[in-house]
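Beneath this line is the structure, given in structure tokens, with notes to follow.
The values are calculated or read from the model by the stated rules, or taken from the named source; none is laboratory data. For clarity, every value in this text was computed on a predicted model and none was experimentally measured. Don't worry about glycine lacking a Cβ; one is built from the backbone with ideal geometry, like all the others, and counts go over all protein chains shown. The protein model used for the area step is the full one, side chains on, heavy atoms only, and it has no ligands, DNA or RNA in it. Shrake-Rupley method; radii C 1.70, N 1.55, O 1.52, S 1.80 Å.
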Amino acid sequence: MSWGTELWDQFDNLEKHTQWGIEVLEKYIKFVKERAEIEINYAKQLRNLSKKYQTKKNSKEEEESKYTSCKAFQTTLNETNDYAGQHEVISENMTSMIMAELTRVVQELKQERKAHFHEGRKAQQHIETCWKQLESSKRRFERDCKEADRAQQYFERMDADINVTKADVEKARQQAQIRHQMADDSKGDYSSVLQKFNHEQQEHYHTHIPAIFQKLQDMEERRISRLGESLKTYAEIDRQVIPIIGKCLDGITKSAESINGKQDSQTVVDSFKSGFEPPGDVDFEDFTQSMKRTVSDTSLTAPRGDIGKSEAKTPGKSRGKLWPFIKKNKLSLKLGATPEDFSNLPPEQRRKKLQQKVDELNKDIQKEIDQRDALTKMKDVYMKNPQMGDPSSVAQKLIEIGNNIEKLRVEVQKFEGWLAEVEGRLPSRDNSRRQSALYETQTTAPVNNCVQDRESSPDGSYTEDQSQETEVKVTPTEFDDDFDDEEPLATIGTCKALYPFDGENEGTISIAEGEILSVIEEDKGDGWTRIRRNEEEEGYVPTSYIEVYLDKNAKGAKTYI
């Protein structure tokens, strides 16, 4: 089967068909181009989506990433980003392996097709020229034959006419001979041209045109083969990334299987455990004592202690007030400062932070030691081979590293001291049972008014949302006067310590269980009461740690019914 033999007379149709074949190839190239654009846009959207939900550094989300569910989600985002990368690979491979290659093939096919049809047209023009020459020779031979026939007939008439002279007859005979000779010459020329044309026509339809059409057929078959190969490449490009996409999906599945509810629950405990003991039983308050008092019991001459015992405890006092902070600590919290020893945190969280700090400092020390060892070896090499370097250039750096190591060790000792202090003070059930009640309200503080929350935080106390602290406006009307007054405050009642309190923070005072002290400022709603001991020591203690007996007649005291 050959175009040259089967389609020898379909030059125009083959010209249209080969042009259509190239257009099909160009159409496929356009399809691949649009597919590559879709892939790259899809990959871009996937990357943007993954980036949008990535954990932001130095944010609350980074703290949440310690949970297995959050880690699994983070892994899913990373795998989605890798998944997007595979679609970028598809786009790049389709552009380079299909579009670029087929574009080059199309240009080559266009040039080759143009050359073949140009050669075919030249062959057609040549055979047409030969045909015209044959037609011209044929017409000339026909004309000469007719002229010779007329000349012969004229001669015969002249020869038969008795009135014509012999000279005219001879002239007519010569003219007839000339015409016959010309006819014979035209016949020979026509015969030669015809023979030549037949040879050219044979060559044209059996050699030249078949060869040209065969080249066109080969070209068309190459085009079809290249299209088939490109379609295979198109599928293979997708097939190559399927294993990698499968690994991405396997990674997502594995991360989903790694989610552990028990572990996340333990992480919650580790994150929020305060280390305080739960509060103990609440003592029974006997309000019937006031009913048994006599008139003399209410007199001003009654002992202070008796009045205090007969007075009911202030109703509505919260056992879970937030930790207060005084003027200095208000400012430090407003500026977002954190105590170096993490004293703002509850014991368990403070211990974890201190341990983490110690570990970080030890890592820094090890890095410095490794660097020092490397420089020491370098210095030894320089001393043995002076041409390699100057040992003194390393000495100064060694001194700096030694100083850094010493500073880091001092820091480690400092934090280890705080750590040992915290570990030694971790609460036992006999002396810290009320502290958990004080700290318990810190975890529920967000339901209160924002300003009240900030005013009720301890010295560097743990705060859920530190970003809001910068918005708190410190008003110097609450505690400033408490510490600036030179004149001691008057006693407004007495109190009895129900539990021991260390009073380590600034502005607080330590008390022992059962101790009787003077009240100089009642609880203002922040969970703290200001007391005095021996007219010399004074400070704040948790209201829930004491039982208050206010003097009704004292200035500023509340009247209870």
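Of the numbered criteria (1) open to solvent by less than 90 Å² (accessible area, probe 1.4 Å); (2) under 30 Å from R226 (Cβ atoms); (3) over 18 Å from the mean Cα position of the chain (by Cα), the one W20 fails is (1).
Only one of the numbered conditions (1) open to solvent by 70 Å² or more (accessible area, probe 1.4 Å); (2) modelled with pLDDT of 90 or more; (3) within 37 Å of the chain's Cα centre (by Cα) is not met by I224, and that is (3).
Conditions tested, residue by residue: (1) touching a strand residue (DSSP E or B) at 6+ places or on another chain (Cβ under 8 Å); (2) modelled with pLDDT of 50 or more; (3) within 27 Å of P279 (Cβ to Cβ); (4) open to solvent by 10 Å² or more (accessible area, probe 1.4 Å).
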| residue | (1), (2), (3), (4) |
| --- | --- |
| C495 | yes, yes, yes, no |
| S510 | yes, yes, yes, yes |
| I546 | yes, yes, yes, no |
| K552 | no, yes, no, yes |
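The residues in segment 1-27 that are among the aliphatic types (A, V, I, L, M), assigned to a helix (DSSP H, G or I) and free of Cβ contacts under 8 Å to residues at least 24 places away in the same chain can be counted, and the count is 0.
Of the residues in segment 28-47, at least one is part of a helix (DSSP H, G or I), of a type in the set (D, E, K, R) and exposed (fewer than 12 other Cβ atoms within 10 Å of the Cβ).
Here's the yes/no breakdown for (1) part of a helix (DSSP H, G or I); (2) closer than 19 Å to S191 by Cβ; (3) at pLDDT 90 or above:
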site: K122; (1), (2), (3): yes, no, yes
site: E128; (1), (2), (3): yes, no, yes
site: K132; (1), (2), (3): yes, yes, yes
site: S136; (1), (2), (3): yes, yes, yes
site: E142; (1), (2), (3): yes, yes, yes
site: C145; (1), (2), (3): yes, yes, yes
site: M158; (1), (2), (3): yes, no, no
site: V164; (1), (2), (3): no, no, no
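If you scan segment 82-103, which residues turn out to be open to solvent by 40 Å² or more (accessible area, probe 1.4 Å), of a type in the set (S, T, Y) and within 23 Å of the chain's Cα centre (by Cα)? Selection gives Y83 alone. Test V106 against the criterion of being touching a Leu at 6+ places or on another chain (Cβ under 6 Å), closer than 23 Å to K30 by Cα, open to solvent by less than 60 Å² (accessible area, probe 1.4 Å) and not basic (K, R), and give yes or no. Yes: the conditions hold for V106.
Selection over segment 359-393 of residues that are under 34 Å from the mean Cα position of the chain (by Cα) and among the charged types (D, E, K, R) gives a count of 5. In this structure, does C130 turn out to be under 30 Å from L216 (Cα atoms) and crowded, with 16+ Cβ neighbours inside 10 Å? Criteria met by C130.
Of all residues in segment 134-150, those that are touching a residue at least 40 places away in the same chain (Cβ under 8 Å) have Cβ atoms under 6 Å from Cβ atoms of residues that are in a helix (DSSP H, G or I) and among the β-branched types (V, I, T), 6 or more apart or on another chain, in L134/V193; S137/V193.
One residue alone among R350, R434 is open to solvent by 30 Å² or more (accessible area, probe 1.4 Å) and either modelled with pLDDT under 80 or β-branched (V, I, T) (or both), and that residue is R350.
Here P339 clears all of (1) without any contact (Cβ under 8 Å) to a residue 40 or more places away in the chain; (2) open to solvent by less than 80 Å² (accessible area, probe 1.4 Å); (3) within 19 Å of E423 (Cα to Cα) except the condition numbered (1). Checked against (1) more than 30 Å from H126 (Cα to Cα); (2) assigned to a helix (DSSP H, G or I); (3) open to solvent by 30 Å² or more (accessible area, probe 1.4 Å), P278 passes all but a single condition, namely (2). Within segment 252-275, the set of residues being surrounded by 13 or more Cβ atoms within 10 Å (Cβ to Cβ) and among the small types (G, A, S) comprises S255, A256, S258, S271, S274, G275.
Considering only residues that are modelled with pLDDT under 75, of a type in the set (A, V, I, L, M) and within 20 Å of E547 (Cβ to Cβ), which ones fall in segment 274-295? Correct list: M291 only. Applying the set (1) crowded, with 16+ Cβ neighbours inside 10 Å; (2) modelled with pLDDT under 90 to K171 leaves exactly one unmet item: (1). Given E112, E200, which one is in contact with a helix residue (DSSP H, G or I) (Cβ under 6 Å, 6 or more places away or on another chain), closer than 30 Å to E26 by Cα and open to solvent by less than 60 Å² (accessible area, probe 1.4 Å)? Result of the check over E112, E200: E112. For segment 357-370, state whether one or more residues are out of contact with any helix residue (DSSP H, G or I) (no Cβ under 9 Å at 6 or more places or on another chain), at pLDDT below 50 and of a type in the set (K, R). Looking through segment 357-370, none of the residues is out of contact with any helix residue (DSSP H, G or I) (no Cβ under 9 Å at 6 or more places or on another chain), at pLDDT below 50 and of a type in the set (K, R). A single entry from I212, I252 fulfils the requirement of being of a type in the set (V, I, T) and either outside any helix (DSSP H, G or I) or farther than 30 Å from N81 by Cα (or both): I212.
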